[in-house]
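The values are calculated or read from the model by the stated rules, or taken from the named source; none is laboratory data. All values derive from a computational prediction rather than experimental measurement. With ideal geometry, Cβ positions are generated from the backbone for all residues, glycine too; neighbour counts draw on all protein chains shown. The area values use the complete protein model at the heavy-atom level, side chains included, leaving out ligands, DNA and RNA. Shrake-Rupley method; radii C 1.70, N 1.55, O 1.52, S 1.80 Å.
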Amino acid sequence: MDQAQTPQEFFNTVLPAKFKPEKAAGVDVIAQIHIAGPDGGDWVVTIRNQKLGVKEGTDAASNLTLKMNYADFMDMVNDRLSAEKAFFTGKVQFKGNIALALKLKDAGF
């Protein structure tokens, strides 16, 4: 699969192609993702009823929040930085249920 060149390309093209609905059974999450930097932004990823929703912006009802800088986010989504390493080295700020975050990874995020 092609590598994402921007967060927008990841959320609009790469993530929907990688999403595995069969791995999202029982997952009900609204994830707020904030990417810091000039090419960053805010996105909301919703997984409910084995369906993926992605929109640009924020959602006060989110039950999971991830904050990263642009370079680290691009490294993570392009498989140059593991989510685990990002978490344990402080490159991602995480708020919410860690088990839920791991389910997101299984579903293709």
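To the nearest 20 debye, what is the magnitude of the charge dipole of the chain about its Cα centre, counting +1 on the Cβ of each Lys and Arg and -1 on the Cβ of each Asp and Glu?
Roughly 340 debye, rounded to the nearest 20.
What does the accessible area of THR6 come to, in Å² to the nearest 10, when a probe of 1.4 Å is used?
Probe radius 1.4 Å; accessible area of THR6 about 60 Å².
Among all lysine pairs in the chain that are eight or more places apart or on different chains, how many have alpha carbons less than 13 angstrom apart?
So the count of such lysine pairs works out to 10.
With a/c under 1.5 counting as rounded, go ahead and sort the chain into rounded, prolate or oblate using the C-alpha gyration tensor (a ≥ b ≥ c being the square roots of the eigenvalues; past the cut-off, prolate if a/b is larger than b/c, else oblate).
Since a/c stays below 1.5, the shape of the chain is classed as rounded.
At 1.4 Å probe size, with every protein chain present, just tell me what the per residue accessible area of segment 40-109 comes to in Å².
58 Å²
Can you compute the modelled spin-label distance between VAL27 and ASN12, with each label point 7 Å from Cα toward Cβ, in nm?
It is 2.3 nm.
Which of the three applies to segment 50-109, rounded, prolate or oblate, going by the alpha-carbon gyration tensor with a ≥ b ≥ c and a/c under 1.5 meaning rounded?
It comes out rounded by the Cα gyration axes.
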